[in-house]
1. From the list B:PHE86, B:PHE62, B:PHE31, B:PHE115, which one is among the aromatic types (Phe, Trp, Tyr), within 21 Å of the chain's Cα centre (by Cα) and in the same structural domain as B:LEU428 (by TED's automatic domain parsing)?
2. Go through the range B:274-315 and give me each residue that's modelled with pLDDT of 85 or more and in a loop (DSSP other than H, G, I, E, B).
3. Touching a helix residue (DSSP H, G or I) at 6+ places or on another chain (Cβ under 9 Å), part of a loop (DSSP other than H, G, I, E, B) and modelled with pLDDT of 90 or more - does that describe any residue in the range A:422-433?
4. Restricting the search to the range A:37-51, which residues are facing chain B (nearest Cβ under 7 Å) and either touching a residue at least 40 places away in the same chain (Cβ under 8 Å) or touching a Cys at 6+ places or on another chain (Cβ under 8 Å) (or both)?
5. Across the range A:182-196, what is the number of residues that are touching a residue at least 40 places away in the same chain (Cβ under 8 Å) and within 34 Å of the chain's Cα centre (by Cα)?
6. Of the residues that make up the range B:131-146, is at least one open to solvent by less than 60 Å² (accessible area, probe 1.4 Å), within 14 Å of chain A (Cβ to nearest Cβ), free of Cβ contacts under 8 Å to residues at least 40 places away in the same chain and assigned to a helix (DSSP H, G or I)?
7. Being acidic (Asp, Glu), open to solvent by less than 10 Å² (accessible area, probe 1.4 Å) and over 30 Å from A:VAL298 (Cβ atoms) is the requirement here; does A:GLU466 meet it?
8. Only one of (1) closer than 30 Å to B:LEU323 by Cβ; (2) surrounded by 14 or more Cβ atoms within 10 Å (Cβ to Cβ) is not met by A:SER134, so which one is it?
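The values are calculated or read from the model by the stated rules, or taken from the named source; none is laboratory data. Small disclaimer: the values here were computed from a predicted structure and weren't measured. Methodologically, a virtual Cβ is constructed for each residue, glycine included, from the backbone with ideal geometry; neighbour enumeration extends over all protein chains shown. Keep in mind that these areas ignore ligands, DNA and RNA; they rest on the heavy atoms of the full protein, side chains included. Shrake-Rupley method; radii C 1.70, N 1.55, O 1.52, S 1.80 Å.
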Amino acid sequence: MPQINKILNGLNGRYIFLIVLSFIVIIVLSLRLGQLQLSQGSDYIEAIRKQSLRPIRIPAVRGRIESADGQILVDNQVSYDLMFFLKEFKLRGTGGMTRTSEYMASVLQQLASMLDLKSDISQKDILNKLLADSRERVVLITDMTSKQLKGFQKMNLPPFIEMADKDLFLNYSKVEILNKMNGRERTAESICREIDRVSSLIGRPMEDHRKKVLKHLAQKPALPYKALEDLSQYELSIISEMVPSLDGTSIEPNARRAYPYPVEYSHLLGYTRLKDPAKEDEEERASFHYYLRSLYGVNGLESKMEKDLQGVAGRKVVQVNIGGFVQSDGTGKHSVIEETDLDKFNYPAKNGHNVILTLDHEAQKLAYDLLVSIPHHTLGVPLQEGQQVRSAFVLMDCETGEIKAMVSTPSYDLSRFREYKYYQEINDPETAIPYALKQQPLINRALSTYEPGSIIKPLLSLSGLEYGNLDPDHELECEGFYELPTGKKIRDASKWGHGPISLGSAIEQSCNKYFITLGLEMGVEPMQKVYKHAGIGRYPMALKDGRRFTQERSGLMPGESKSWYLADTAYCSIGQGKIKVSPLQAAVFVAAIANGGKVLRPQLIKEIRDSKNEKVLRSSKLPDVIDQLPVKLENIETVQQGMRRVVVGENASATTAQAKIEGALEMAGKTGTAEVVYAEQNEEGKLARDIAGKPVFKKIKNTWFTAYAPYDKPKYVAICFVQGGIYGGTTCAPVIRKFFDTWSKTRPKELGQKKQE
Amino acid sequence: MTLWDRIKSVFNFILRMDLILIFLVMSLLSFSVFVIYHIGLEAGGGLANYYIKQMLWIGVGFVLMVGIAYIDYEWIGVHSWMFYVFGLILLTLVLIPGVGMEINGARSWIKFPGFTIQPSEIAKPCSIVALAWYASRARVLLNQLTNIIPVVLLAAGPVFLIGMQPDFGSALVFIPITATVLFVAGCKVRYLAYPLLMAVILTPVMYFILKPHQKQRIDVFIHPVAHPMSVEYSTNKATDAGLPEDKIARIENMSNPWFYTKTEIAYQKKEISKEEYTKLRRKYVSLRRFIANDGWQAYQSALAVGSGGKGGKGWGNGTQIKLGFLPRSITTTDCIFSIICEEGGFYWAMVVLLFILGVILCTIRTACVARDLYGKVLVISIGMLYLCHTYINVGMAIGIAPIIGIPLPFLSYGGSFIISTMVCVGILQSVYIRREVTASEHRLKDLV
């Protein structure tokens, strides 16, 4: 081709240099491009995802807790919250002039709407006049009617609207220029205005959301702002029909803990709290940009079964723009993740498992009602206004170890627990009241330990029979007290003494002298041998690996204190002094006596089911025999007979527990009354002193009744414990009697028929 | 002349044009409209109509191109002083506060009702014509150093005025163009090589004369890798002084490692008060803060390019514009190549680069067949103008050139820039049409 020849002819060295230069430039660019796009491409995709994806933690729905008969004790209730999507309200910052003109225009519009006038002054006109620094006085209306005048006088008009005679003016010289505002402040302002509008319509008190909204805008703009929580149906209907409608908001359902029986189970279930992300695992926290908090159990079953109840939190990513506002959920057009990769980023939350308890709902409710309504004449310490009996009740299956009821009063309302005022109320320090009389509703009295009083005597008798060479038929003369070597007299229940007494009647009449003599004769070691196996001084529900129920107390084993004197042995023999037992521990050893020596682990959890309640994931081993009383069966039978006599004997100490209706359960049991000495306090919470300057000491009685029924074929063990009672047989025994008479599983036929009729 | 003859002459005129160049240019321009249309779809707002405006400018540019191709470039050369003065007047006008419009600290635009023009773009072809004309007149005389000075002064006029705006980037482009003009016109190589060497040496000195925001741009270019020697030196000193380990680990993230280390050591030894220390601390530039401020555009461009990968995200499916990480105002100009890389991927980016290379080679081919030295100098300096623009714009996107607001030839949006580019294409065509004809063609002419 001639053309090419000509071009070649025209070429010289300098042109070739330039051609080479062009090629070098393009090659350098291409190489760098290849490096960026081909070899480092994935790094950049990662970086772009990092800057525009925000992983949000989706909390799992917490599992339910149910009773054995299918009553739901803790559920998740849907509550509705009003959410504001910040992006929809996003405004740019403006200068003072624009803001002022906008404000003035809105005031004028309001006026116009009130007067049915057309406002022909637009925001732009105002802005132009403001910019020109106008001092004009514009007439808005002339000759107002008296009705309009009255309306205006009531209104709180800004200074730039002037009224003279019957005319209304807009005075530019009196306009105060507002400060300029940045975008975030303006957005917050517009959101707050909307929130105020909603609150005033639904009649909620106005709150200042400004600071909260500003903080939210700065810290988590991708998340909607929760303006109003827990909307009622009425409020929902008002919001949905608002005019002008609320744009950029949505009403979102939200799960929260619901308690159908808020007081009966409070101590068992325990309360929950929102998890603090700062306490969360570093890695876990780092994998979420926005950490939506979930609940965790603080105490009770909520805490113990945390692992089963909590579930696994899910993750959802949203794609945000440069302002941090949500642009999409990461799918569709303009997404930085491929459709197929989406599963790597998003995973749904796994709901928590349901926990089925061994509790019998009817028994629990009944026990609670009985305790709350204990007749006041059976109480040693009269109740003040607003106070409740301080008591506990435990019902256990003595063959399987299932706890059927476990109540502690005074209780607290779980559904109100997160209200600050209520929390303060129940945590009232009550300084003027001595510790022994304090209400302390947060304490679970069924698990706390107290001096057992006489209910320990059956166990002591067992150790005496087994290790102390005690002859059950040997009679001892009782004068009504036991005199310690120091001269101190320990009084008996019967003032004039029981006379000659054998083991059976000693248990029946709860003779102190008999058991103190026995205790002192054989010493502490034989007691410990039996007590240790009976579960005293040990956490009753603890598993082998040491996991236990919160609030569980181990109590005090006699002889394990630092100093031990003879008097201590004497007092321990009648269940006072350095021995402490919780009602649940009492239930365990009474059950062991009733079932012939098997020491069971009391159990609250029957089984764990999946969130749909379909599949049983795990169930407890029933019965879980953890120990055996080191006692011969015949000795146990002796004690059982003694305990039977407590209820039906000639001089029975608990005649109130006798079956009075035909067909009612026959019980065996043991009363107990422990005296607790406390120092009286004055109003300042300090020691009260009498005229001589000595502290004033007073006594209250902690009364017990432990029982098992039916007598011939033991099935249930019931423990009733009341602080500040009169006597175990007077205060506690009737409660258990009434319980067995009313509970449908033990109710006498006669009563059952009556009810059916 | 009959109508038939007229049609024939128009046909001959078209046939004599550089059709390859026209094909390349028109493909690039239509691609530009295509890309700007998609950017408009994503960004919305004012950008949504840019593709229509771009088509309008391309239409105007095309008419201008044909018109200039019709004019003999010799005539343009003779009257080049007029164009040169016209360019200088525009550049002076833009400096007058009432006339020039200030955007982002540079007074670079003159506003007309309906549109704005950018005198620095229009001044480019005007100056090139004048430079080429005088350099080619001087010819052999260029062997003497004293004769180069007038040409350099000629270039210094617009450079000075553009520098006053200040638009450091556009002014910078004149330097390689002047060098090309001299180089092609036959100036001794050493006259060009020595200043180049000097510039390399003097750059650090220049650095201190620049304004803060211009310094920043250079910083952005230099920063991403703090000098390894400085890092090593600082680390040694810091270890000797016994700075805590976390502070030593931070050294390599600093734009000025030694400044950082010096301050920390001084504070450690309690040579400076706490107030002074906090004041100095604010001057540290950590990599993270650097990306959030001065390095934002460079970093986001690199992200756009890198995340595009081999095949791109698909046209109209990019994320950097939609999410607003790339500043919208520059997406159609400075960052257009990043968008092509992001949405079209490596292949489309390479196609664009090869087409531009094709245009540049066309200019050199035109130079080879041009009938006189003036034509040769003219077309090659235009080619080098394109090359220079391409290198800086693409380099900005991929992090191998400073961020100095230079548009990409044929692709970036901008009325003045498209007009200026098309005028240059017109000049190329004008030179090509009037090329040295072959003997056979002469004979053909004689026969007709």
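1. B:PHE31
2. B:GLY309, B:LYS310, B:GLY311, B:GLY312, B:LYS313, B:GLY314, B:TRP315
3. no
4. Correct list: A:GLN37, A:ILE45, A:ILE48.
5. Looking only at that region, the number is 3.
6. Within the range B:131-146, none of the residues are open to solvent by less than 60 Å² (accessible area, probe 1.4 Å), within 14 Å of chain A (Cβ to nearest Cβ), free of Cβ contacts under 8 Å to residues at least 40 places away in the same chain and assigned to a helix (DSSP H, G or I).
7. no
8. For A:SER134, the failing item is (1).
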